[in-house]
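First the structure, in the form of structure tokens, and then the observations on it.
The values are calculated or read from the model by the stated rules, or taken from the named source; none is laboratory data. On a predicted model such as this, the values are computed, not experimentally measured, just so you know. Please note: Cβ atoms are built from the backbone with ideal geometry, for glycine as well, and neighbour counts cover all protein chains shown.
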Amino acid sequence: MDSRTGLPVVGMVGGGQLARMTHQAAIALGQSLRVLALDPSDGAALVAADVRYGRHTDLAALRDFAEGCDVVTFDHEHVPNEHARALAEAGVPVYPPADALRYAQDKRAMRERLTELGAPVPRWRPVTGADDLVEFGTELGWPVILKAARGGYDGRGVWVVSGPAEAAELVGRLRAAGTDLIAEERVGLRRELAVQVARSPFGQVAAYPVVETVQRDGICVEVLAPAPRLPEELALRAQQLAIDLATALGVVGLLAVELFEVPGAAGRTDDGSPATGGGEPALVVNELAMRPHNSGHWTIEGARTSQFEQHLRAVLDYPMGDTALTAPVVVMANVLGGPEGGMSTDERLHHLFAEDPGAKVHLYGKQVRPGRKIGHVTVLGDDLEKVRARAARAAWWLRERHE
């Protein structure tokens, strides 16, 4: 408990943009988030008052950081599961708990558990050698998807394998480097969706509207809220699926469920794979994240309660906030790092705000590298195409070099 405010202290392991935006939400609750950062240049370390430095892989650093915290949570999934478990065994409330967090850390464990729960997932198989992948591809047809079981983000750790020769070379190289692998069928999808839910230790849940996420080169570039032209029945099914998974996995805090919308009747075929025939669209679970997530950044301006405030409410066991949209249409566009030179960021902001006063910009304090997420822009309105065009233009303006 903070002696100055009388409010609980939340510690967030990781000093990136998620911690930075969680800190901003904490201010409105009378708090200053405690952050474990790697470096003073980390995005959250630039703005938070209570910053400690240490590696998330160092148990001693984690123990020191947790001293005096009422709750410890994470802005990434890379804390060793045994360290999260050790903190909990020492009496520190850790959310999400280690037993839940492992399903966001290990894709094989996640696929095994979701299969046990009967959740709709792609057909998949562990890969310990090239023969496993070749057999899988021969059975299902090429190409197939190969994934690193641990790590991987924004298209990294995912490979599309076109045939046996490529499978042999790729698996051999990755296994020699010690990479654990799984194979998945390449799902014929209509589009990608995401839904976020928050769950408290008491068991209260709150679900956000389902959104459409637009990917380019494995990176999310745009989020449309609510997902356009999504049948209400399917949206409700997606929200219920996310709530059921949060409950079954014991999640506390935010859970983001990334989904594929596929053609075909809802349900599964006799062999347990997602149904993809004619008829009504169905849902397939792609990935899970147990923290605030890029697909939910639109909620800062676009929902009554942002995902960052909701995460804090959940881990503190406060009642959940209202998840209703603040406008009929909300579009979030990620700002990706572009070429160096041209206008300064300050000049670009000046011109952008002059052209579109309604565009809301969030920059993360990151060093700019081509393709890196350095911020996002959110635009609200009532016409999807107009709002989408404004958001895309704002993100382009902040990224591209302008002489």
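Across segment 296-333, the number of residues qualifying as in contact with a helix residue (DSSP H, G or I) (Cβ under 9 Å, 6 or more places away or on another chain) and surrounded by fewer than 23 Cβ atoms within 10 Å (Cβ to Cβ) comes to 12.
For the structure I just gave you, tell me whether Thr115 is among the β-branched types (Val, Ile, Thr) and under 18 Å from Thr179 (Cα atoms). No; evaluated as a whole, the condition is false for this residue. Residues in segment 83-118 that are in contact with a helix residue (DSSP H, G or I) (Cβ under 6 Å, 6 or more places away or on another chain), over 23 Å from Ala60 (Cβ atoms) and among the hydrophobic types (A, V, I, L, M, F, W, C): Ala100, Ala109, Met110, Leu117.
On the basis of being at positive phi, in contact (Cβ under 8 Å) with a residue 60 or more places away in the chain and not hydrophobic (A, V, I, L, M, F, W, C), does Gly365 make the cut? Yes; evaluated as a whole, the condition is true for this residue. Does Leu18 qualify as being surrounded by 24 or more Cβ atoms within 10 Å (Cβ to Cβ) and within 27 Å of Leu336 (Cα to Cα)? Answer is yes for this residue.
So, in segment 346-388, of the ones that are touching a strand residue (DSSP E or B) at 6+ places or on another chain (Cβ under 6 Å) and part of a helix (DSSP H, G or I), which residue ends up surrounded by the fewest Cβ atoms within 10 Å (Cβ to Cβ)? The residue in question is Leu384. Residue-level check: of (1) more than 27 Å from Leu380 (Cβ to Cβ); (2) touching a helix residue (DSSP H, G or I) at 6+ places or on another chain (Cβ under 7 Å); (3) assigned by TED's automatic domain parsing to the domain that holds Glu280, Thr247 misses just (2). Annotation for segment 43-60: at least one member residue is among the hydrophobic types (A, V, I, L, M, F, W, C), more than 27 Å from Phe202 (Cα to Cα) and within 18 Å of the chain's Cα centre (by Cα). One residue alone among Arg150, Arg156 is basic (Lys, Arg) and touching a helix residue (DSSP H, G or I) at 6+ places or on another chain (Cβ under 8 Å), and that residue is Arg150. Figure legend. Inter-residue proximity from segment 118-133: first residues at positive phi, second residues surrounded by fewer than 19 Cβ atoms within 10 Å (Cβ to Cβ) and part of a loop (DSSP other than H, G, I, E, B), beta-carbon distance below 9 Å, spacing 6+ or different chains. Indicated pairs: Gly118/Gly272.
With respect to the conditions (1) of a type in the set (Ser, Thr, Tyr); (2) modelled with pLDDT of 90 or more; (3) over 15 Å from the mean Cα position of the chain (by Cα); (4) over 22 Å from Leu241 (Cβ atoms), Thr323 lacks only one, and its number is (4). Close contacts from segment 313-330, counting a first residue that is among the aromatic types (Phe, Trp, Tyr) and a second that is in a loop (DSSP other than H, G, I, E, B) and at pLDDT 95 or above, with Cβ to Cβ under 8 Å and a gap of 6+ residues or different chains, come to Tyr318/Ser200. Report yes if Gly30 is surrounded by fewer than 17 Cβ atoms within 10 Å (Cβ to Cβ) and in a loop (DSSP other than H, G, I, E, B), otherwise no. The answer is yes for Gly30. Could you tell me whether any residue of segment 389-398 is in a loop (DSSP other than H, G, I, E, B) and either surrounded by 17 or more Cβ atoms within 10 Å (Cβ to Cβ) or of a type in the set (D, E, K, R) (or both)? Checked against the condition, which is being in a loop (DSSP other than H, G, I, E, B) and either surrounded by 17 or more Cβ atoms within 10 Å (Cβ to Cβ) or of a type in the set (D, E, K, R) (or both), segment 389-398 yields no hits at all. In this structure, does Ala198 turn out to be buried (at least 17 other Cβ atoms within 10 Å of the Cβ), assigned to a strand (DSSP E or B) and among the aliphatic types (A, V, I, L, M)? So Ala198 passes the test. Here Arg216 passes the criteria (1) farther than 30 Å from Pro319 by Cα; (2) touching a helix residue (DSSP H, G or I) at 6+ places or on another chain (Cβ under 9 Å) except the one numbered (2).
Filtering segment 82-111 to residues that are touching a strand residue (DSSP E or B) at 6+ places or on another chain (Cβ under 9 Å) and over 15 Å from Gly11 (Cβ atoms) leaves Arg85, Ala100, Leu101, Tyr103, Ala104, Gln105, Asp106, Lys107, Arg108, Met110, Arg111.
Residue by residue, here is whether (1) in contact (Cβ under 8 Å) with a residue 40 or more places away in the chain; (2) buried (at least 17 other Cβ atoms within 10 Å of the Cβ); (3) out of contact with any Asp or Glu (no Cβ under 9 Å at 6 or more places or on another chain); (4) in a loop (DSSP other than H, G, I, E, B) holds:
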residue	(1), (2), (3), (4)
Glu212	no, yes, no, no
Leu230	no, yes, no, yes
Leu241	yes, yes, yes, no
Thr247	yes, no, yes, no
Val251	yes, yes, yes, yes
Val257	yes, yes, no, no
Phe260	yes, yes, no, no
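The residue of segment 170-193 that is farthest from Cys220 (Cα to Cα), among those that are exposed (fewer than 15 other Cβ atoms within 10 Å of the Cβ) and in contact (Cβ under 8 Å) with a residue 12 or more places away in the chain, is Gly172.
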